[in-house]
1. For B:Ala136, all conditions in the list (1) assigned to a loop (DSSP other than H, G, I, E, B); (2) crowded, with 19+ Cβ neighbours inside 10 Å hold save one; what is the number of the exception?
2. May I ask you to verify whether B:Arg39 is more than 20 Å from B:Tyr224 (Cβ to Cβ), among the basic types (Lys, Arg) and surrounded by fewer than 18 Cβ atoms within 10 Å (Cβ to Cβ)?
3. Pull up segment B:289-307, narrow it to residues that are open to solvent by less than 20 Å² (accessible area, probe 1.4 Å) and modelled with pLDDT under 50, then point me to the one that is farthest from the other protein chains (Cβ to nearest Cβ).
4. Hey, among the residues in segment B:238-267 that are open to solvent by less than 10 Å² (accessible area, probe 1.4 Å), of a type outside the set (A, V, I, L, M) and in a helix (DSSP H, G or I), which one's nearest to B:Thr302 (Cα to Cα)?
5. Being under 19 Å from the mean Cα position of the chain (by Cα) and among the hydroxyl-bearing types (Ser, Thr, Tyr) is the filter here, so list the residues in segment A:194-222 that pass it.
6. I'm checking my understanding of the structure. Among residues of segment B:323-353 that are assigned to a loop (DSSP other than H, G, I, E, B) and among the small types (Gly, Ala, Ser), which one is farthest from B:Gly287 (Cα to Cα)?
7. Spot the failing condition for A:Ala125; the list is (1) in contact with a Gly (Cβ under 9 Å, 6 or more places away or on another chain); (2) surrounded by fewer than 19 Cβ atoms within 10 Å (Cβ to Cβ), and only one is missed.
8. Taking B:Ala75 as meeting all but one of (1) hydrophobic (A, V, I, L, M, F, W, C); (2) exposed (fewer than 15 other Cβ atoms within 10 Å of the Cβ); (3) modelled with pLDDT under 95, write down the number of the exception.
Number of protein chains: 2
Amino acid sequence: MSGPVSRDASRRARAYLLRVAEPPCPALVEFIAEVGPVRAAERVREGSVPGPVADETSARRHLDLADADLAAGAAVGARLVTPEDDEWPAWPFTALANATARGLRGGVPPLALWVRGPRSLNELAENAVAVVGSRAASGYGQHVATEFGHGLAAAGVTVVSGAAYGVDGAAHRGAVAAEGPTVAVLACGADLAYPAGHSGLLDRIVEHGAVASEYPPGTTPARYRFLVRNRLIAALGGGTVVVEAGARSGAKSTAAVSRALGRVLMAVPGPITSATSVGCHELLRSGEAVAVSSVDEIIESTGRLGADLVDPGSPETRATDGLDGDAARVYDALATGTGHSAERIAVDAGVPLARVRAILPTLELGGLAFRCTAGWRRARAPTPHGER
Amino acid sequence: MSGPVSRDASRRARAYLLRVAEPPCPALVEFIAEVGPVRAAERVREGSVPGPVADETSARRHLDLADADLAAGAAVGARLVTPEDDEWPAWPFTALANATARGLRGGVPPLALWVRGPRSLNELAENAVAVVGSRAASGYGQHVATEFGHGLAAAGVTVVSGAAYGVDGAAHRGAVAAEGPTVAVLACGADLAYPAGHSGLLDRIVEHGAVASEYPPGTTPARYRFLVRNRLIAALGGGTVVVEAGARSGAKSTAAVSRALGRVLMAVPGPITSATSVGCHELLRSGEAVAVSSVDEIIESTGRLGADLVDPGSPETRATDGLDGDAARVYDALATGTGHSAERIAVDAGVPLARVRAILPTLELGGLAFRCTAGWRRARAPTPHGER
């Protein structure tokens, strides 16, 4: 399945399926995992699929626009990145699939992504933080988002956001001003400039990072697609910073997915007199998010998350070999027989509590730790042969 | 010891000792607990006391100004409230003594308090919240402190603070504007108007609540006395709200004592661009404080704390009889065999996490719960006969 010919067949199959199925499509994802993308596309085309897959594909299965979409993408510099490609961000999307298995509603990996921009999507996602918030950001929120975008990108951290007005745009703009990496995930085709006022900004994002979308070229944005898209922003960020959010901001859906993925969720305090900080303060008050006031605090909280923190493990290594200093100390501080609170582990490991809270879910995703009623305990280390 | 004559003797003894010993005086407090105030005063006067008590009393033991101080106090409407009086806030100061026993440095109850104002100090402290913060408060901080002071006092919650410029004064002013209860604890004699600019405010505080101090009439404020005084503000508040605090604000000492007393510590978010919110954000980020954005959230977090939450227990009642609805549910959710995290207890009890976090330390003070490495567990309920 890994030769250039089969890759091309996979790509055409996935281009077809992306056009046919409206994301998220959990049954189709599962079906592809069973029979492979090429066979899945054939079966969808024939209509010979299990009921749940038919529900997701029957309405548009006659739209075979794979070649046209690939040509339209190429015409605007958009390539289709698939799980069969080296630049597929496997770790972030595996986390999404794992969270789905644990019951995250709508937390389904994309079938593939249309991507504009010269850089490898996987490399961009290796050290990335999502910066999200209200469209109707205040001057304060825009200022903070710009500063954070600039500071993170200048530190080499990819700023992932949704290119919307308000916080999103400010975060991207800060990253672009620093000539640092940034990724915009769109809720429309990667070829469309949406919002129109961000046309120039999107061009600059492509120069410094990537514009990505699971929607075929020409797909127009729709209200529900923004929420569906938010899961990809959360998955690509090793953590999520909510800069400003009203009581019912869409940023809260990104925050919820981020938590479900075990990523560290951060919120920026603001004036309690500001309606656009209400959502942030709710996240802080409930303990779902940790407060961040600076780029340094974001980096401290997220650390080297994602693929870096826990080495996926080659046949010759142990999973714990991939742990960096703090993560190794937290892992060492975990007991096997009983659970401990994050506070206790922070004391035992001598690692700041905020950092411990960020590391523990990542160890969990790596199969090195798990939650029990009494707190966190160590899992049996995975065997060296990749049985995770 | 409870007749009018012995009360008068106790009061004179304590007036003498307050003049002789600079608070906090842990050895003297312990000595009084052993031999009683009258005998303690005699022994101090004679110089026949244990070494640590001598260290605290020898410099001024010849200053026998009890009668003069009582007369000076009376002349300005200040009475000396002692542990032998009904209006002594026994619960708050017992908590201080307990915290001392657990190692809180400088957390020593006062020998007595000079008080101006018509209301019973104990009644004022029954449902009270400390509102503290920077002298150099921003307009935002002053606005929030005034709103909180007003809203709390209007809801019948006593606003305890230190009468300083900035947050303190604004909180008192809000309470006074609501014609609600407020207590100012001074770091100088209760007869002095300090700061001078708050002379009129102090008069109005006396009308609506109380001005209290452990320093004899005429004592001038000194830098170290502000920190010593802060422990009394923390003890009299069923919880402490830090409205604004710079990186090195004195409000952080009040916050630390509040935590050590097991009281809920709250911090107000503010702009991360504001130097006067840095201390608040540190408290939030570390998890020491819970974020509060409104009077309702303060009341939700503190609930009916202090003397109300856990009934001290008459011979005919169980300690758990005094638990209100939420506290009873939290107590019921505690396991006896193993500890659980506050998060788990919140789920089991169906009580908001912020409220659970406020209730648990109060149950601990009441001897109903304790912390173990795995979290919180239930203590054996005290016997009905007051053996706590």
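The values are calculated or read from the model by the stated rules, or taken from the named source; none is laboratory data. Bear in mind that the values here come from a model prediction, so they are computed numbers and not experimental data. Ideal geometry is used to build each Cβ from the backbone, glycine not excepted, and the neighbour counts take in all protein chains shown. These accessible areas exclude ligands, DNA and RNA; they are computed on the full protein's heavy atoms, side chains included. Shrake-Rupley method; radii C 1.70, N 1.55, O 1.52, S 1.80 Å.
1. B:Ala136 satisfies every listed condition except (2).
2. Details: more than 20 Å from B:Tyr224 (Cβ to Cβ): yes; among the basic types (Lys, Arg): yes; surrounded by fewer than 18 Cβ atoms within 10 Å (Cβ to Cβ): yes.
For B:Arg39, the condition - more than 20 Å from B:Tyr224 (Cβ to Cβ), among the basic types (Lys, Arg) and surrounded by fewer than 18 Cβ atoms within 10 Å (Cβ to Cβ) - is met.
3. B:Gly306
4. Looking at residues that are open to solvent by less than 10 Å² (accessible area, probe 1.4 Å), of a type outside the set (A, V, I, L, M) and in a helix (DSSP H, G or I), I get B:Ser258.
5. A:Ser213, A:Tyr215 - these are the residues of segment A:194-222 that are under 19 Å from the mean Cα position of the chain (by Cα) and among the hydroxyl-bearing types (Ser, Thr, Tyr).
6. The selected residue is B:Gly337.
7. Only one criterion is unmet by A:Ala125, namely (2).
8. The one condition B:Ala75 does not meet is (3).
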